[in-house]
Amino acid sequence: MQIPKEIHYVEQANHKLGEDTSPIDPQARVNNHFETVASHWEGIYHQATLDGHIYQDRMATAIEWIEQLRLPRTAHLLEIGCGAGFATAALAMRGYRVDAVDSVATMINLASKRLAETGAGERVRIVRADVRSLPMPNNSFDLVFALGVLPWLENPLAAVREMARVTRPGGYVLVSADNNVHLDEILDPTLLPILRPVRRYLVSALRRAKLLPPRAKALNRRHSRREFDSILSGGGLDKLRSGTVGFGPFTLFGKHVLPDSTGIKVHRLLQVAANLKLPIVSFYGMQYLVMATKRASAG
């Protein structure tokens, strides 16, 4: 099979990025994590599990929202954190021009392979780069989207500002957060959000007594909807629409109470309710998805 031109471009970009990466950069730890779990994230978009359905539904919702913007097929899109390239390929096959960015070499290679298999590579440019410093000019894209990226960043506001920088004024930014509170946690007494301070205190006391090992620094973090909206506003974006995606797995005292097949059905029913903006349910999906527009004053 002939190697697409995009892969040659990636190899050159990889070499440059590798020279500039500092071993003390906290983002390097996240990148190393995704190097080791790349096959999992590629497989999850094929899996018939509850987790698989949730992430597949997140991507389907994002693509549906993009399609509803009715952008011209000449529109130029940018995906940050393209992973294995599923969303990039889906949009390229719809006729859009797409730049795909990821900071993890294994993900870049998986995306390149997927685009070669779909035949959509001619409409895609793949670049290995860091969202904190994108190698694109100001006002380059009609839409920038990043699914499952901001929770893994130490400074999500800086990344949002960088995404806004490369978006044209009046263009769109579509991003997701890990919602701070999930519906399944509200229903499990051991996971109740109101008890988080108590759990943190007890765990901290046990660690001080050396009855638990030291805590490893979390790689990702959750955001409340209000906090995430504030980050987007601080980055020069105005929210157009939002919603939550994903319900489950449901547990009682930490034990799963539903088999995956039933959990998927419950997730589907609750997702319909969330899409209809029913109270409570629509606030507490796992993933918070936001479509925003760049303010003209943001330049």
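The values are calculated or read from the model by the stated rules, or taken from the named source; none is laboratory data. Here the structure is a predicted model, which is why all the values come from computation and not from measurement. Methodologically, a virtual Cβ is constructed for each residue, glycine included, from the backbone with ideal geometry; neighbour enumeration extends over all protein chains shown.
Let's see how each residue does on (1) in a helix (DSSP H, G or I); (2) modelled with pLDDT of 95 or more:
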site: Glu117; (1), (2): yes, no
site: Val160; (1), (2): yes, yes
site: Val175; (1), (2): no, yes
site: Val181; (1), (2): no, no
site: Thr190; (1), (2): yes, no
site: Arg196; (1), (2): yes, no
site: Arg199; (1), (2): yes, no
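Of the residues in region 93-109, how many are over 15 Å from Trp152 (Cβ atoms) and polar (S, T, N, Q)? Quick ask: steps written out before the conclusion?
Restricting attention to region 93-109, the residues satisfying the condition of being over 15 Å from Trp152 (Cβ atoms) are 93-100, 105-106, 108-109.
With the extra rule that they be polar (S, T, N, Q), the set shrinks to 106, 109.
Residues in region 93-109 being over 15 Å from Trp152 (Cβ atoms) and polar (S, T, N, Q): 2 in total.
Can you tell which of Ile66, Ile54 is assigned to a helix (DSSP H, G or I), under 16 Å from Gly248 (Cα atoms) and aliphatic (A, V, I, L, M)?
So the residue among Ile66, Ile54 that is assigned to a helix (DSSP H, G or I), under 16 Å from Gly248 (Cα atoms) and aliphatic (A, V, I, L, M) is Ile54.
Within region 211-242, how many residues turn out to be among the aliphatic types (A, V, I, L, M), modelled with pLDDT of 95 or more and either farther than 21 Å from Arg161 by Cα or over 17 Å from the mean Cα position of the chain (by Cα) (or both)? So that I can check it myself, show each step before the final result.
Let us first name the residues in region 211-242 that are among the aliphatic types (A, V, I, L, M), namely 211-212, 216, 218-219, 231-232, 237, 240.
When the remaining residues are screened for being modelled with pLDDT of 95 or more, the result is 231-232, 237, 240.
Among the residues that remain, those that are also either farther than 21 Å from Arg161 by Cα or over 17 Å from the mean Cα position of the chain (by Cα) (or both) are: 237, 240.
Of the residues in that region, 2 qualify.
For region 250-277, give me each residue that is outside any helix (DSSP H, G or I) and either over 23 Å from the mean Cα position of the chain (by Cα) or surrounded by fewer than 18 Cβ atoms within 10 Å (Cβ to Cβ) (or both).
First pass over region 250-277, keeping only residues outside any helix (DSSP H, G or I): 250-259, 276-277.
Passing the criteria: Thr251, Leu252, Phe253, Gly254, Lys255, His256, Val257, Leu258, Pro259, Leu276, Lys277.
Restricting the search to region 278-291, which residues are at pLDDT 95 or above and over 21 Å from Arg221 (Cα atoms)? Even if it seems obvious, please write down each step before you answer.
Initial filter on region 278-291 (at pLDDT 95 or above): 278, 281-291.
Within region 278-291, Leu278, Val281 qualify.
Evaluate the following for Lys265: is it of a type in the set (D, E, K, R), free of Cβ contacts under 8 Å to residues at least 60 places away in the same chain and more than 30 Å from Arg168 (Cα to Cα)? Reasoning before the result, please.
Working: of a type in the set (D, E, K, R): yes; free of Cβ contacts under 8 Å to residues at least 60 places away in the same chain: yes; more than 30 Å from Arg168 (Cα to Cα): yes.
Judged against the criteria, Lys265 is a match.
Please find, within region 119-150, the residue that is surrounded by the most Cβ atoms within 10 Å (Cβ to Cβ) out of those that are in contact with a Lys or Arg (Cβ under 7 Å, 6 or more places away or on another chain) and outside any loop (DSSP other than H, G, I, E, B). I'd like the intermediate steps shown before the answer.
Narrowing region 119-150 to residues in contact with a Lys or Arg (Cβ under 7 Å, 6 or more places away or on another chain): 123, 138-139, 141-142, 147.
Add one more test, that the residue is outside any loop (DSSP other than H, G, I, E, B), and what stays is 123, 141-142.
Numbers: Arg123: 19, Phe141: 25, Asp142: 19.
Per the stated criteria, the residue is Phe141.
Looking at (1) touching a Pro at 6+ places or on another chain (Cβ under 8 Å); (2) in a loop (DSSP other than H, G, I, E, B), can you tell me which one Ser112 breaks?
(2)
What are the pairs with Cβ atoms under 7 angstrom where one residue, in region 233-251, is among the acidic types (Asp, Glu) and the other, located anywhere, is part of a strand (DSSP E or B) and buried (at least 16 other Cβ atoms within 10 Å of the Cβ)? Sequence gap at least six, or different chains.
As it stands, the answer is Asp238/Ala292; Asp238/Thr293, since those pairs meet every condition given.
Restricting to region 69-89, what's the tally of residues that are within 12 Å of the chain's Cα centre (by Cα), at negative phi and in a loop (DSSP other than H, G, I, E, B)?
So the first thing to find is which residues in region 69-89 are within 12 Å of the chain's Cα centre (by Cα), and the list is 79-83, 87.
From what is left, the residues that are at negative phi are 79-80, 82, 87.
Cutting the leftovers down to in a loop (DSSP other than H, G, I, E, B) gives us 82.
Of the residues in that region, 1 qualify.
List, please: which pairs have Cβ atoms under 7 Å, are six or more places apart or on different chains, and start with a residue in region 63-90 that is free of Cβ contacts under 8 Å to residues at least 24 places away in the same chain and end with one that is surrounded by 15 or more Cβ atoms within 10 Å (Cβ to Cβ) and of a type outside the set (D, E, K, R)?
Final answer for the pair search is Arg73/Tyr96.
How about region 27-68: which of its residues are surrounded by 16 or more Cβ atoms within 10 Å (Cβ to Cβ) and of a type in the set (A, V, I, L, M)?
Val30, Ala38, Ile44, Leu50, Ile54, Met59, Ala62, Ile63, Ile66
Going through Leu153, Leu91 one at a time, which residue ends up being surrounded by 24 or more Cβ atoms within 10 Å (Cβ to Cβ) and aliphatic (A, V, I, L, M)?
On the way: Leu153 fails: surrounded by 24 or more Cβ atoms within 10 Å (Cβ to Cβ).
One residue alone meets the criteria, Leu91.
For region 91-109, which positions are of a type in the set (Ser, Thr, Tyr) and either touching a Leu at 6+ places or on another chain (Cβ under 6 Å) or in a loop (DSSP other than H, G, I, E, B) (or both)? I'd like the intermediate steps shown before the answer.
Within region 91-109, the subset of a type in the set (Ser, Thr, Tyr) is 96, 103, 106.
Across region 91-109, the qualifying residues are Tyr96, Ser103.
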